[in-house]
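To start, the structure itself, in structure tokens.
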Amino acid sequence: MIVPRLDSALAYGGDYNPEQWPETVWPEDARLMREAGVNFVSLGIFAWSRIQPTPTTWDFAWLDRVMDLLHAHGVRVCLATATASPPAWMARLYPDSLPVTADGVTLHFGSRQQFSPSSPDYRRHAAALVRRLARRYARHPALATWHVGNEFACHMNECHGEHSVRAFRAWLKNKYKTLAALNDAWGTAFWSQIYGSWDEIHTPRRAPFISNPSQLLDFRRFTSDAFLELYRMERAILKRATPEVPVTTNLMAFFKPLDYRAWAREMDFAAWDAYPDPALPDEGRHWSAVGHDLTRSLKPGLPFIQMEAATSAVNWRELNRPKPAGLMRLQSLQALARGADGVMFFQWRASLSGAEKYHSAMVPHVGAERSRIHDEVRRLGAELKKLAPVAGSTVRARVAIVMDWEAWWALELEARPVRLDYMATLHAVHRAFYAQNHAADFVHPEADLSGYALVVAPVLYLLTAKGAAKLDDYARRGGTLLATYASGIVDEHERVVPGGYPGLLRDTLGVWVEEWAPLGARFTNRLRFRRDRAARSAAGELSCREWTELVHAEQAEVLATFTDDLLAGRPALTCNQVGQGRAFYLASGLDAAGWDALAARLAAELGLEPPLQAPRDVEVSERVDAEGRRHVFILNHRHEPVTVSLAALRGTDLLTGRRVAKRIRLAALDAAVVAADGA
Ligand code: GAL
């Protein structure tokens, strides 16, 4: 159980903001929570100005009463440190604590998150607040976990103010020790950028033309570290007061500004906020799946918590569509299917004022009685109790997709052959495996890859020598590696590895790349498989997207060639036998059909089987516990009924309590969670 002391093992609840309401509403909140099966709430995330109305006055009495009330109703608390948004007095007393953009614009008080991560005054006051909270509630029976800050860097994700400039210089001094080393790493001989003094170095403010890419990359690292320092500062205070209470914060999965791998090391369990857009053609189901899989991968072998979601519409998109009846439930079951041990929502009760009053909630404006949404909230709470046996188990993936924040930052710097979108590419690769119900993890290139049958490294533009050695070792020991175009180009300083791309992976892949031929929107090409030349089937030819390359196959065998453009007849897909394993190189981007075909081909060759052969739009995911007990989630994303063949799977559907075998019929947007017999 990652959240301690829950009555039923899965966590269920949401952000609870009682400070927005008269105290007379609280007893009803607590009663409704109990009736809805809520056992866990995130409390006080934006309550700093209520707790500390002036720099020298504190008011915890109201929070004491809320904690006691929740405890009396069996609701555990994920107690926030309330540092996410400083009060007005902070901006008044310390205007230099406000963040500054790259254009020199100060972001003022009046919304939220208006602090520079490097402001000493913000840090000092935040630490004082956390110390008091930790001391006061350390032994409170309602306290289950700590919630540090909120969505760090969500709105304000870099700062160029005076404190940040100073902190950036200190960070650089610590990293490079000498100016000569920095000048070398940043290649400052180019465009007369050589620094003669540390004081000449600034955060990368708005400049006339393309900025120094190595400086930009270091600034990204510094910024992620600066926010992480805040988290660590709070965590250290909390751990001193309550070493046994888990500490976490809510991440946002594919969130570029923060390297969540470094963050996850400091978190007792991972948590993320999932806001799929119901207006997407698939209602956001793949967007959610890929976010769950990344979050799960941040703490291998551990469940995670979906810390926030919307019960229906959000209020911050151009078009805020509600979720049709049943979708919130299905999405919640999807989170569990992919490794979550709890589902939480923003927020418990819909606000009547403020910036988010048109955001859906667990108790909507109409109240609990006549509400479709609240009915669904209650039903979900009851169902989660039935799913308690799933808690603690995990998803075991055989496919890994290499994902590295540093590669992301570097790939998307300015002045590239064409704009490549790292996240979109990773999503496209993941989607192909997802559509075929093959579980996939996201891994760092330097991680232990030995458990995976297939490792895909898409557009891994920045790669360290250690990362390259790990990938090489994985393949040599019998693994199957698929690396793509635009990989292994630069080292950690954004310096090209000379001697032909993909630099350090050349020997592993048995190819070298001489030139790039990006396609953009105007140019097209196709990739034709050699052995399938006669067939001309869909699998025999794939459409290229975005990018192609002039490849020289050295040791590698050429499996497919380009049909047109500058590269007609040249290698497009190669395979190198290396040690006990194989290393494929794909020299082109692919569309969805292309990735589907390639994923299917590799899965078939490797004998990878999904938990069930399911019809289209039926998601299947399996969780396995330490004793080998299996729970198979079958999720019907169609708005019509579907029949799924269960093959050899037999067991009990925990949602209905019925025995299932042979086949199962699921209504529109319905699901089954089969506790498999045997094992
Ligand atoms: C999250 C945030 C919440 C709330 C929610 C609305 O990003 O953590 O505080 O703003 O979005 O969707």
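The values are calculated or read from the model by the stated rules, or taken from the named source; none is laboratory data. Owing to the predicted nature of the structure, the values given are computational and were not obtained by experimental measurement. Using ideal geometry, Cβ is built from the backbone for each residue, glycine included, and neighbour counts are taken over all protein chains shown.
Side notes on the structure shown:
- Number of the exception - VAL558 against (1) over 15 Å from TYR461 (Cα atoms); (2) in contact with an Asp or Glu (Cβ under 8 Å, 6 or more places away or on another chain); (3) assigned to a strand (DSSP E or B): (2)
- Only residues that are within 32 Å of the chain's Cα centre (by Cα) and more than 15 Å from LEU567 (Cβ to Cβ) were counted across region 508-519, and they come to 2.
- Within region 545-575, the residues that satisfy the criterion of being out of contact with any Lys or Arg (no Cβ under 8 Å at 6 or more places or on another chain), more than 21 Å from THR480 (Cβ to Cβ) and surrounded by fewer than 21 Cβ atoms within 10 Å (Cβ to Cβ) are ARG545, HIS552, ASP565, LEU566, ALA568, GLY569, ARG570.
- The numbered conditions (1) within 24 Å of the chain's Cα centre (by Cα); (2) assigned to a loop (DSSP other than H, G, I, E, B) are all true for ALA415 except (1).
- Restricting attention to region 244-257, the residues that are under 20 Å from ALA80 (Cβ atoms) and away from the ligand (no atom under 14 Å from the Cβ) add up to 4.
- Residues considered: PRO610, PRO615. Of these, the only one that is of a type outside the set (A, V, I, L, M, F, W, C), surrounded by fewer than 18 Cβ atoms within 10 Å (Cβ to Cβ) and within 30 Å of ASP472 (Cβ to Cβ) is PRO610.
- Residue in region 353-371 that is within 16 Å of the ligand (Cβ to nearest atom), without any contact (Cβ under 8 Å) to a residue 24 or more places away in the chain and aliphatic (A, V, I, L, M) present: no
- Every residue from region 200-225 that is farther than 20 Å from VAL490 by Cα, without any contact (Cβ under 8 Å) to a residue 60 or more places away in the chain and not in a helix (DSSP H, G or I): ILE201, HIS202, ALA207, PRO208, PHE209
- Residue in region 74-88 that is surrounded by 15 or more Cβ atoms within 10 Å (Cβ to Cβ), more than 28 Å from GLY342 (Cα to Cα) and without any contact (Cβ under 8 Å) to a residue 40 or more places away in the chain present: yes
- Scanning region 448-461 for residues that are within 12 Å of VAL402 (Cα to Cα) and in contact (Cβ under 8 Å) with a residue 24 or more places away in the chain turns up LEU449, TYR452, LEU454, VAL455, VAL456, ALA457, PRO458, VAL459, LEU460, TYR461.
- Top-ranked residue of region 278-297 - restricted to ones that are touching a helix residue (DSSP H, G or I) at 6+ places or on another chain (Cβ under 7 Å) and within 15 Å of the ligand (Cβ to nearest atom), ranked as farthest from LYS323 (Cα to Cα): SER288
- A count restricted to region 103-125 and to residues that are surrounded by 15 or more Cβ atoms within 10 Å (Cβ to Cβ), within 26 Å of the chain's Cα centre (by Cα), at negative phi and not charged (D, E, K, R) stands at 5.
- Put simply, of ALA142, ALA170 the only residue that is modelled with pLDDT of 95 or more and surrounded by fewer than 17 Cβ atoms within 10 Å (Cβ to Cβ) is ALA170.
- Residue match in region 585-600 (condition: among the polar types (S, T, N, Q) and either over 30 Å from the mean Cα position of the chain (by Cα) or not in a strand (DSSP E or B) (or both)): no
- Selection status of LEU649, assigned to a loop (DSSP other than H, G, I, E, B) and either of a type in the set (A, V, I, L, M) or in contact with a Ser or Thr (Cβ under 8 Å, 6 or more places away or on another chain) (or both): yes
Quick grid of which residues meet (1) at positive phi; (2) of a type in the set (Phe, Trp, Tyr); (3) modelled with pLDDT of 95 or more:
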site: PHE523; (1), (2), (3): no, yes, yes
site: ARG530; (1), (2), (3): no, no, no
site: ARG545; (1), (2), (3): no, no, yes
site: GLU549; (1), (2), (3): no, no, yes
site: PRO571; (1), (2), (3): no, no, yes
site: THR574; (1), (2), (3): no, no, yes
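- In summary, GLN306 fulfils each of the numbered conditions (1) away from the ligand (no atom under 16 Å from the Cβ); (2) in contact with a strand residue (DSSP E or B) (Cβ under 9 Å, 6 or more places away or on another chain) with the single exception of condition (1).
- Here SER197 meets each of (1) surrounded by fewer than 21 Cβ atoms within 10 Å (Cβ to Cβ); (2) touching a residue at least 60 places away in the same chain (Cβ under 8 Å); (3) farther than 23 Å from ALA415 by Cα with one exception, condition (2).
- Residues that are closer than 15 Å to TRP26 by Cα and aliphatic (A, V, I, L, M), drawn from region 37-51: VAL38, VAL41, LEU43
- Failed item, numbered, when LEU655 is tested on (1) part of a strand (DSSP E or B); (2) in contact with a helix residue (DSSP H, G or I) (Cβ under 7 Å, 6 or more places away or on another chain): (1)
- Subset of region 1-41 [hydrophobic (A, V, I, L, M, F, W, C) and modelled with pLDDT under 95]: MET1, ILE2, VAL3, LEU6, ALA9
- Filter pass, ASP277 being acidic (Asp, Glu), buried (at least 22 other Cβ atoms within 10 Å of the Cβ) and modelled with pLDDT of 95 or more: no
- All positions within region 392-441 that are over 16 Å from LEU294 (Cβ atoms) and among the β-branched types (Val, Ile, Thr): VAL418
- Only one of THR295, THR311 that is under 22 Å from VAL390 (Cα atoms), polar (S, T, N, Q), touching a strand residue (DSSP E or B) at 6+ places or on another chain (Cβ under 9 Å) and touching a residue at least 24 places away in the same chain (Cβ under 8 Å): THR295
- Condition check for LEU413: surrounded by 20 or more Cβ atoms within 10 Å (Cβ to Cβ), more than 16 Å from the ligand (Cβ to nearest atom) and among the hydrophobic types (A, V, I, L, M, F, W, C): no
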